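The values are calculated or read from the model by the stated rules, or taken from the named source; none is laboratory data. What you see is a predicted model, and the numbers here were worked out from it, not measured in a lab. Please note: Cβ atoms are built from the backbone with ideal geometry, for glycine as well, and neighbour counts cover all protein chains shown.
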Amino acid sequence: MKRISTSGNIANWLVAIVLVLVPFHAFLTVWGSSLIGHYTALRLWDDVILLVLFGISVYWLVRSADLREWFAGSLLVRLILAYTALTLLLGFVSWAKGDITPKALAYGVLVNLRIFAWFLAVLLTAQKSTWLRAKWPKLLLISAAIVVGFAVLQFTVLPHNFLSHFGYSADKNIAPIETINHNSHFIRAQSTLRGANPLGAYLVIILSALGVLYARGKRKILCGVFGAFALFALYASGSRSAWIGTAVAIAIIAWFQLRNKRAKLIFSGTAIALVAVASIGYLALKNNTSVQNTVLHTQTHSAVSTTSNDQHLTALRQGVKDLWRQPLGDGPGTAGPASVYNTGHPTRIAENYYVQIAQETGWLGLALFVSILTLVAMEIYSQIKTSRLALALFASFFGLAIVNLLSHAWVDDTLAYLWWGLAGIALARPLPKKVKGKREV
């Protein structure tokens, strides 16, 4: 067995720490800030680990000519570097024009680029040893059990203000509970995540992993019971985009388990029938108060004049208008959650991550971003037959693609570090003894 270097061991543990703790990122930072203050600084703990891991990765690249040759010859790496350069260039131009504050610019650059920096750093780490590839189920699911358990308790028995005992505050950091259209009779579980929608997006990954482990593993009863609780937590989140994303992810996993054309034909017919039943159910129950709130997030006699659906649609329309107004982009930090810090300029939340990227980096930036996603998905797909992690990631990729159509999911720390870290593990392969410069990630 090849001996792992000291730097390799350190990198493995840094990745493991982030994967285990990042589902509790919001809870730990809010609770910690209630004890010692410095909320903004505490939120950066995972980014600090990324910085250290990135430094180790640079050290490896400097030391290894073969690694540098592979790195420079990877089309995926070149696309990431091009997207990075475009982001930084547009950020500098926006700052020079006075269109963005330094804080908004820094935060915008961070959240836009860290998913790829983390992905590459974990990829290089996992190439040093197979430890992360062997341990990923435990690193993912031990934390998930706590998150799911707390979500179930929060939705069923815990008082609505329970998280306020840990410093949660709607005025200072994160609200202790979310509701549908400010109706206290319809709460949404958020568990230890930043909100109900991030919890739902997180559970797309967890349920995809459980689905694969159930289909290709030995502990079917454990995975089935865990999955049932996770599905309840998903329902409790009230995240409709995550419901759809999970359905798509599970359908993809089921499709890859089918062995012949007849089974696939039956599966397709069943899926069409379920869609038809859901449509009929919608028409029959659309005037039911519980369905209006829980599923449609609206109510005929709602206490609010503008529902979440109206807000989504308005935000999306404005975002699309921005794309036609500035096809070259306004720079990182001028749209999305980072734009909240752009004092003196309007906050632009399109409720769609792809529109946000286009608002910030233009049509070229969006094209580069989508190209990167496509290459990653293709490489993951190539390993589906031999890797359970690859199948879970491929399924959740499409589920999260839907979630990002209705939110800024990749901005969330948990989603960014968890999915892209697992992707780095899945795509890591030992380098050949002689790298010819044509091998791609």
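Of all residues in the range 387-411, those satisfying the criterion of being in contact (Cβ under 8 Å) with a residue 60 or more places away in the chain, under 22 Å from G195 (Cβ atoms) and crowded, with 22+ Cβ neighbours inside 10 Å are S396, G399, L400, V403, S407, H408, A409, W410, V411. Take the residues in the range 313-347 that are in a helix (DSSP H, G or I) and modelled with pLDDT of 90 or more; name whichever of them is surrounded by the most Cβ atoms within 10 Å (Cβ to Cβ). My answer is A338. F92 falls short of the stated requirement of being within 21 Å of the chain's Cα centre (by Cα) and assigned to a helix (DSSP H, G or I). Note on the range 9-36: among residues that are among the small types (G, A, S) and within 18 Å of F119 (Cβ to Cβ), the one that is nearest to the chain's Cα centre (by Cα) is A16.
Contact annotation: residue pairs with Cβ atoms under 7 Å, 6 or more positions apart or on different chains, pairing a residue in the range 101-116 that is surrounded by fewer than 20 Cβ atoms within 10 Å (Cβ to Cβ) with a partner that is among the charged types (D, E, K, R), are L110/D47. Of all residues in the range 348-368, those satisfying the criterion of being assigned to a helix (DSSP H, G or I), farther than 14 Å from W324 by Cα and aliphatic (A, V, I, L, M) are A367, L368.
Summed over the range 169-196, residues that are of a type in the set (S, T, Y), farther than 20 Å from L415 by Cβ and in a loop (DSSP other than H, G, I, E, B) total 1. Which one is modelled with the lowest pLDDT, of the residues in the range 129-166 that are of a type outside the set (A, V, I, L, M), in contact with a Pro (Cβ under 9 Å, 6 or more places away or on another chain) and closer than 30 Å to G55 by Cβ? Applying the filter and picking the extreme gives T130.
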